[in-house]
Amino acid sequence: MRHRELRILELLDERGSVRVDELAATLEVSAVTVRKDLEYLEAGGHLVRNRGGAVRAGLREGEFPKRLRIDVAAKQAVAVAAARHVAHGDVVAFDTSSTAYFVAREVVDRQNLVVVTSSLPTATLFLGRPTARVLMPGGTVRHESAGLVGANLDQLAGLGRISKGFFGLTGLSVERGLLEFAFDETATKRMLVDACTEVHAVFASEKAGGFGFHSFCPPDAVTSLITDDGLDAETADLWRALGVDVELAPLSGAAEPAVAAWP
């Protein structure tokens, strides 16, 4: 393996994902050369390419503490933007994604929240907050997400509406909506989505080119996409044409945030 390819793997270990344009600048080679390097490394099982770059092999879905360390700056920027949608007294839902956990951190001091979540880390955030009420659908703990899956899917029926829900994703499709990789996570997300008046997708822009087996929210039920300003203009325009608000949180000039930790 050549020095350049080893350097790409080192950057993947540090960041969790890389982009072709950034690698070309860092390695002082052309984008064509970078794409050939990524193709070679993917063939060897070292990474998985996506639109605009690559992620480490096996990180389509990883253990929750590891995912907290990936795309930290993007997730923090998205969380700050998403938090503006949450007011004191809201009923809000958070799924088991690491980006939704970042959003929850931003709103943990809001007063009189009712929090509906399948995420153990997110529920733990609100412990000791005397005005917050936390509802967790039942189920079994899923190791990869540190969340509950397999709940009775009618559990939230008849309990009223959740005003705003925040959902991460593994892929984005204008035909099928918000995508998830695992079936059991998909079922739980659908239950939360069905109870939400507003559905906000929160994700780092590199996820827009990702992959998912299952749709948990159709395009016409999505209120907004909240991501960083690395999202390509074509994707943003396609979603805006569907009537979906697209919010792009700026990354340039932002200070590097502290890595979230759990537990």
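Of Glu28, Glu206, the residue with the largest accessible area leads and the full order is Glu28, Glu206 (1.4 Å probe).
Summarising the label geometry, the points placed 7 Å from Cα in the beta-carbon direction at Thr140 and Asp154 lie 2.3 nm from one another. Considering only protein heavy atoms and a probe of 1.4 Å, how much of the accessible area of segment 55-201 is carbon and sulfur, as a whole percent? Heavy-atom surface of segment 55-201 belonging to carbon and sulfur, 1.4 Å probe: 52 percent. For Phe213, the solvent-accessible surface with a 1.4 Å probe is about 110 Å², rounded to the nearest 10. Between Thr33 and His3, the simple label model (points 7 Å from Cα in the Cβ direction) yields a spacing of 1.2 nm.
With r as the distance between the Cβ atoms of Asn112 and Glu234 and R0 = 25 Å, compute the FRET efficiency 1/(1 + (r/R0)^6) and round to 0.05. In this case the efficiency is close to 0.05. Once the convex hull of all Cα atoms in the chain is built, its volume per residue stands at 127 Å³. Per the Debye calculation on segment 1-104 with a single equal scatterer at every Cα and no solvent contribution, log₁₀ I(q)/I(0) for q = 0.10, 0.16, 0.23 Å⁻¹ amounts to -0.36, -0.75, -1.18.
D by Stokes-Einstein for segment 111-167, Kirkwood Rh over Cα pairs, 37 °C, 0.692 mPa s: 267 µm²/s. Extent of segment 48-152 along its three principal axes (Cα atoms, max minus min coordinate, largest first): 44, 32, 21 Å. Dividing the mean sequence gap of close Cα pairs (under 8 Å, 6+ apart) by how many residues segment 1-100 holds gives a relative contact order of 24 percent. The dipole here belongs to segment 109-258: it is taken about the Cα centre, uses +1 on the Cβ of Lys and Arg and -1 on the Cβ of Asp and Glu, and is about 720 debye. Only one residue of Thr131, Leu178, Phe213 has its Cα farthest out toward the positive end of the dipole of the chain, where Lys and Arg carry +1 and Asp and Glu -1 on Cβ, and that residue is Thr131. Pairs of Cα atoms nearer than 8 Å and 6+ residues apart set the relative contact order; for the chain it is 17 percent. Against the criterion of solvent-accessible heavy-atom surface with a 1.4 angstrom probe, Met191, Met136 sort, most first, into Met136, Met191. Once the 1.4 Å probe is applied to the protein heavy atoms, segment 58-191 comes out at 41 Å² accessible per residue.
Dipole check for the chain: with +1 at the C-beta of Lys and Arg, -1 at the C-beta of Asp and Glu, and the Cα centre as origin, the magnitude is about 480 Debye.
The values are calculated or read from the model by the stated rules, or taken from the named source; none is laboratory data. For clarity, every value in this text was computed on a predicted model and none was experimentally measured. Glycine gets a Cβ as well: all are built from the backbone with ideal geometry, and neighbour counts include every protein chain shown. Quick note on the areas: whole protein, heavy atoms, side chains included, nothing else; ligands and nucleic acids left out. Shrake-Rupley method; radii C 1.70, N 1.55, O 1.52, S 1.80 Å.
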